[in-house]
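Everything on this sheet refers to the single structure shown next.
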Amino acid sequence: RDLPFFRLKHTFYHSNLHYDGAGPDAFFWVGTGDEPNTSGRKIPNEKGSLDVLNGYEGEDIELKLPDDLTVYDIDWLSVWCVAYKHNFGHVRIPRHEHELNVPPSLDKFKIKKSIYTLPPHYNTPRPTYNFNSRATPKSSSRPKDGFSNCKDLLEGSVQLQWDWDGDEYVKFKLSGRITEKQWVALGFSPLKGRTQMVGADAVVVYFTPHAREKYHADDYFMSAKSQCDGKDGVCPDKRIGGSNDIQVLHGARKNGVTTVMFRRPMRARDGFDLALEDDEVNIFVAIGNLNGRNEANYHFGERTGPEEDIRITPKGKGDHSCLTIIDEMPTDVGPRLKSWPTIVIEGVTNFTARIGPTGGKRGYTAITGNPSWGICWYLNDQLIPEIYVERGETYHFWVEGGDDNKNPSRYHPFYITDSAEGGYGQKSESEQALQKIYAGVGFDSSGYPYPLAAGRYCEWEHKTIDKSSQSDTFESYFKTLALNCEDGRPSSLSWTCYTHNNLGWKIHVLDKGRTRRDKISSTGASSLAANRGLVVLPCPTSFSSL
């Protein structure tokens, strides 16, 4: 509230900004009146984005008002949570020009770089500030690629181009800076004038280099904020009884960018499609990892914010703000983050099983090579450890992965299987027959499976912001998390292993009296690595209600 800031007619400069990033729907917010209120409006962050705010830890940032606003039009600048209508802090701005005593906009006079000194009463240890040094040069000409509409999204990671064919279809060209194991999606909000993901219609684009058909655009429906269980969640239309009404026209991969050109009907073709006949439609885009079915899960790696006001006019022309075609820019790989070492637990018979974050680019996916959907099991508060157990010994798991099967995003029964992917409750009968269940699943008189270990929900959450990229070890990352548990009790699961040898990857079963070192010395490290995928404790990428 008392942060030092310097004001230009269209620009604010904040020094030493602190914000924990915990607001689920927080934005920079300006408006009129005595206090911040719901009649305000969002303004872009220092990156020019309307994404939900991340945390700030003493950064100096520059905020620019939209072209139709100046400091004379507003009474306050705040950090405001739209969903909960809550003010996290604000500064008041004098209304009269003689009280402000600010220079005009630097952009108005084409001043590219200037230095100003704050007045003495701000008492800041850094008295000079460089303005406009990060301004993006304006493109003198539009990139030529045959589309009259183009938007850059997700800070340049995604580009969307589109045109109406004058009849029944809109032709889209969706490009994403993604790997060959990722997808990029375009979603259409079900609400007019506001972005909402539940009930949204989406197109998921991806590339399979070794398949006969390499470029894909799949029709999706989002009935819930959870992975698809065959009925609800983020599901391909075809998997829940609909049809794939997207027609792929062309695909390409260049400079680390996957591009798929496709056309989509203006009118709904099944009960899961949204019509695009309105003048404007709110959209969102996202990037994430493909699972074993080449499908997208709900928990995205990156996405535009759920309340971000991005709109397109499907039949419109001239909405073109792209500076260049995305795949013409070479890939900026940047520093590669080293994964954390695999954690090993041995000589322990009692385990807690809770949910927690996957650890960004250093954690689950980097360690296992498998995609995650944002959360993972923490056993004894360790991220996906490998467990060594002895044959004939009984092991006890106290499970806190959620027991409300009506809330699929917080319902993760715990079981032990020979499948590296898991997800028993989501499989067809023929797919279930391919999995062997060792513990955690019971069967009723009709042979229908049900979970035996579904306790209250406990999750390790970030105290401030995700600091996995800044944490060289899991131990230092774990200190940035805090445990949050719902009311209720944990569920218990006991398991005794008798006959399984060389079970590999997550649970290694040894003869009684032998240790991990004995196993490695007798089998060799390469042999141990080859015995993967037998008994595992999957992350919730493979869990749903059973």
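Computed from the coordinates by the stated procedures, all read-outs in this text should not be read as laboratory data. A quick note: this is a predicted structure, and the numbers were derived from the prediction, not measured. Counting neighbours? That spans all protein chains shown, and the Cβs are built from the backbone with ideal geometry, glycine included.
Considering all different alpha carbon pairs of segment 5-92, the Kirkwood hydrodynamic radius works out to 13.0 Å. A simple count of charges around Gly242, restricted to other residues whose Cβ falls under 15 Å of its Cβ and scoring Lys, Arg +1 and Asp, Glu -1, yields -3. Segment Asp270..Arg212, full-extension length gain: 18.1 nm, with 0.36 nm per residue of separation and the alpha-carbon distance subtracted.
Need the full-extension length gain, Glu461 to Thr38, defined as separation in residues times 0.36 nm minus the C-alpha distance. One decimal, nm.
Between Glu461 and Thr38, full extension yields 149.4 nm more.
Taken over segment 5-92, lysine pairs spaced eight or more positions apart, or on distinct chains, with alpha carbons under 15 Å apart number 4. Ordering 484-492, 175-183 by mean Cβ neighbour count within 10 Å, with the highest value first, yields 175-183, 484-492.
Averaging the Cα positions of each part gives two centres, and for segment 256-281 and segment 427-487 these lie 35 Å apart.
Summarising the overall dimensions of segment 344-510 from its C-alpha atoms, the Rg and Dmax are 16.2, 52 angstrom.
Taking each pair of distinct Cα atoms in segment 149-312 once, what is the resulting Kirkwood hydrodynamic radius in Å?
In segment 149-312 this quantity evaluates to 15.6 Å.
Peptides 159-167, 286-294, 30-38 ordered by packing proxy, namely the average of other Cβ atoms within 10 Å per residue, highest first: 286-294, 159-167, 30-38.
Of the peptides 41-49, 222-230, the ranking by mean beta-carbon count within 10 Å, highest at the top, reads 222-230, 41-49.
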